[in-house]
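What follows is a short report on a single structure.
The values are calculated or read from the model by the stated rules, or taken from the named source; none is laboratory data. Just so you know, these numbers come straight off a predicted model, no measurement behind them. Cβ coordinates were reconstructed from backbone atoms using ideal geometry, including for glycine residues, and neighbour counts include every protein chain displayed. All accessible areas refer to the heavy atoms of the entire protein, side chains included, with ligands and DNA or RNA removed. Shrake-Rupley method; radii C 1.70, N 1.55, O 1.52, S 1.80 Å.
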Amino acid sequence: MFVEGIDAVLKIWEGRPPYAIEGRFWKITTQRTMMEGIGQGFVAKPLQKPHPPIMVTVVAPHSKGVTEAAARGWLPISANFLLPKWVATHWPKYVEGRERVGAVADPNDWRVAKSVFVANDLATAREYALGPKSPYRFYYNQLLTKMKANRRAALFKADPNMSDDDLTIEGVLDDLVIWGTPDKVADELVQFQETVGQFGTLLYAGKDWLDPALARRSMILLAERVIPKMRTSRSDAAA
């Protein structure tokens, strides 16, 4: 369904209205509603040729979808709510898709999202990331509740035999949120990258700005102090 949906967008960009696209899952047409005189039923073509880069979110462990995306030249973004062990399964499946079409996969094309919060001191970081009013707690509690209700909570389990009842919001926060001072966050992000594999771009996953000043400061600290330290750590490791 996902691949067919994007293929339909590409057909719209390539074609002219009225559109009539019949797929296995989607049927898209403006034949009945087309009003050419006022532009109804018309989708503008992108200025970038042949079209803008297409980036797809990867969620499922050992994703088949990312393999199909890679074969089409689409770029992967691993979701921020996955355990590192599941994120690590995405790159080999992307490589598989690129090899299928005779292309070489470039790790710089891989974007990985992560829930991160940085503060000047540890107590502030802990409270904003884990405390009762934390936007990170709110976000992951929403996800955990929905995943349990839809029997998909295995995404949050390091041990697949763990029961849903034993899966707590505290455990999820501990597994999925990197928080702390710049030095602590940099060290944990380096460890995260060592676990999942080399990727090109870290995407800072946005959360509600409960405290705009702290939220903005977190992004500044990440850019100005965490990322440079990560680069230094990688350079030292390579040497």
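So, in region 146-184, exactly how many residues are in contact with a helix residue (DSSP H, G or I) (Cβ under 9 Å, 6 or more places away or on another chain) and among the polar types (S, T, N, Q)? Total satisfying the criteria: 2. Listed conditions (1) in contact (Cβ under 8 Å) with a residue 12 or more places away in the chain; (2) among the polar types (S, T, N, Q); (3) loosely packed, with under 15 Cβ neighbours inside 10 Å; (4) more than 15 Å from A113 (Cα to Cα) are all met by Q198, apart from (4).
Applying a threshold of 6 Å to beta carbon distances and a minimum spacing of six or more residues, or different chains, the list of pairs starting in region 124-138 at a residue that is at negative phi and ending at one that is of a type outside the set (D, E, K, R) and surrounded by fewer than 17 Cβ atoms within 10 Å (Cβ to Cβ) reads P135/L210. Restricting attention to region 29-42, the residues being open to solvent by 60 Å² or more (accessible area, probe 1.4 Å), part of a loop (DSSP other than H, G, I, E, B) and not basic (K, R) number 2. Out of A149, A125, one residue alone is out of contact with any strand residue (DSSP E or B) (no Cβ under 7 Å at 6 or more places or on another chain), over 28 Å from L75 (Cα atoms) and of a type outside the set (D, E, K, R). It is A149. When each of K207, K184 is tested for being among the basic types (K, R) and over 17 Å from the mean Cα position of the chain (by Cα), the lone residue that passes is K184. Is it fair to say P52 is without any contact (Cβ under 8 Å) to a residue 24 or more places away in the chain and either open to solvent by 50 Å² or more (accessible area, probe 1.4 Å) or under 27 Å from T201 (Cβ atoms) (or both)? Yes; evaluated as a whole, the condition is true for this residue. Checked across region 231-239, the condition of being closer than 23 Å to T89 by Cα and surrounded by 12 or more Cβ atoms within 10 Å (Cβ to Cβ) holds for at least one residue. If I filter region 56-65 for residues that are within 28 Å of the chain's Cα centre (by Cα), of a type outside the set (V, I, T), over 23 Å from K114 (Cβ atoms) and surrounded by fewer than 16 Cβ atoms within 10 Å (Cβ to Cβ), do I get at least one hit? Checking region 56-65: at least one residue is within 28 Å of the chain's Cα centre (by Cα), of a type outside the set (V, I, T), over 23 Å from K114 (Cβ atoms) and surrounded by fewer than 16 Cβ atoms within 10 Å (Cβ to Cβ). Helices (runs of 4 or more DSSP H) fully within region 166-239 that include at least 2 residues being charged (D, E, K, R) and closer than 25 Å to D106 by Cβ: 227-238. Of note, I12 does not satisfy the criterion of being open to solvent by 50 Å² or more (accessible area, probe 1.4 Å) and out of contact with any Asp or Glu (no Cβ under 9 Å at 6 or more places or on another chain).
Checked against (1) touching a strand residue (DSSP E or B) at 6+ places or on another chain (Cβ under 6 Å); (2) on the phi > 0 side of the Ramachandran plot, G41 meets all criteria but (1). Taking the criterion of being part of a strand (DSSP E or B) and surrounded by fewer than 22 Cβ atoms within 10 Å (Cβ to Cβ), the residues of region 79-129 that qualify are R111, A113, S115.
Within region 15-28, restricting attention to residues that are free of Cβ contacts under 8 Å to residues at least 24 places away in the same chain and touching a Ser or Thr at 6+ places or on another chain (Cβ under 9 Å), which residue is least open to solvent (accessible area, probe 1.4 Å)? Filtering first and then ranking leaves I21. The criterion of being of a type in the set (G, A, S) and over 16 Å from the mean Cα position of the chain (by Cα) holds for A44. Just one of the listed residues (A149, A215) is at negative phi and open to solvent by less than 60 Å² (accessible area, probe 1.4 Å), namely A215.
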